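Only one structure is covered here, and it is reproduced in the block below.
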Amino acid sequence: MFKVKNTILSDDIATAKFACDLPRCKGACCVVGDAGAPVSKEEIPVLHKAYKFLKDELMPEAVEVAERDGVVIGSAKAGYEIATVNTDECIFVKYDDNEVAYCSIQKAYYEGRFNWEKPISCHLFPVRLKHIAGFDYANFEYVPKLCSVACEKGENEDIYLAEFLKKPLVRRYGPEWFAQFIDSCREIRQRKKDASK
């Protein structure tokens, strides 16, 4: 583990190689799992706004779930998550012509139609955060079904997970934190190389 300001991170965030390979994984992180994406209380109003804005573009079964169960389910004690269709597929998922799942909120953001990209937990995946006693604990949640092709691409293209997640990490913690984080990652990688000699 290593610490950057008030965030404690697992070493594999520094050493793993990872780069999303959408044509191969087909956007599995949006549709595979046993729960919806975790969201913060602060994100809930934005998600309700996104739902109202995108409702006519979403799949009928997703609208049915949102109208019946709500856009976000859970509680302050148990945690909040985005509602899903059949416990796995996010209600904001759409599919392109190649059957690749994509986030309709993010698509609207890139098209300049919505001013928020997506929940930070989605943006940071496969890193998951837990907030405990004033600290964020960050772990690389490696799920073979979701992550193996991305790890393979990262290895082939020599892209580290830490650098791949620059945009969401800067969004969450700011550029100064990210610069310190990358310095720590490079030190950890060097120590790992030196230890393997």
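Structural remarks
- Residue list for region 74-94, filter: more than 18 Å from the chain's Cα centre (by Cα) and touching a residue at least 12 places away in the same chain (Cβ under 8 Å): A76, V85
- Pick from region 95-124, criterion open to solvent by less than 50 Å² (accessible area, probe 1.4 Å) and free of Cβ contacts under 8 Å to residues at least 60 places away in the same chain, ranking: farthest from A50 (Cα to Cα): L124
- Beta carbons closer than 8 Å, at least 6 apart along the sequence or on distinct chains, pair a first residue in region 186-197 that is open to solvent by less than 90 Å² (accessible area, probe 1.4 Å) with a second that is among the acidic types (D, E) for I188/D11.
- A78 meets all of the listed conditions (1) open to solvent by 20 Å² or more (accessible area, probe 1.4 Å); (2) over 16 Å from G27 (Cβ atoms); (3) modelled with pLDDT of 95 or more but one, namely (3).
- A count restricted to region 144-179 and to residues that are assigned to a helix (DSSP H, G or I), in contact (Cβ under 8 Å) with a residue 60 or more places away in the chain and either within 19 Å of the chain's Cα centre (by Cα) or surrounded by 16 or more Cβ atoms within 10 Å (Cβ to Cβ) (or both) stands at 14.
- Looking only at region 130-143, and only at residues there that are among the aliphatic types (A, V, I, L, M) and open to solvent by 30 Å² or more (accessible area, probe 1.4 Å), the one that is farthest from A28 (Cα to Cα): A133
- For region 32-133, no strands (runs of 3 or more DSSP E) sit wholly inside it while including 2 or more residues that are over 23 Å from R171 (Cα atoms) and hydroxyl-bearing (S, T, Y).
- Which numbered condition C29 misses (of (1) at pLDDT 95 or above; (2) within 30 Å of K192 (Cα to Cα); (3) assigned to a helix (DSSP H, G or I); (4) open to solvent by 20 Å² or more (accessible area, probe 1.4 Å)): (1)
- Residue match in region 9-18 (condition: in a strand (DSSP E or B) and over 15 Å from the mean Cα position of the chain (by Cα)): yes
The values are calculated or read from the model by the stated rules, or taken from the named source; none is laboratory data. Keep in mind it's a predicted model, so treat the numbers as computed, not measured. Cβ coordinates were reconstructed from backbone atoms using ideal geometry, including for glycine residues, and neighbour counts include every protein chain displayed. All accessible areas refer to the heavy atoms of the entire protein, side chains included, with ligands and DNA or RNA removed. Shrake-Rupley method; radii C 1.70, N 1.55, O 1.52, S 1.80 Å.
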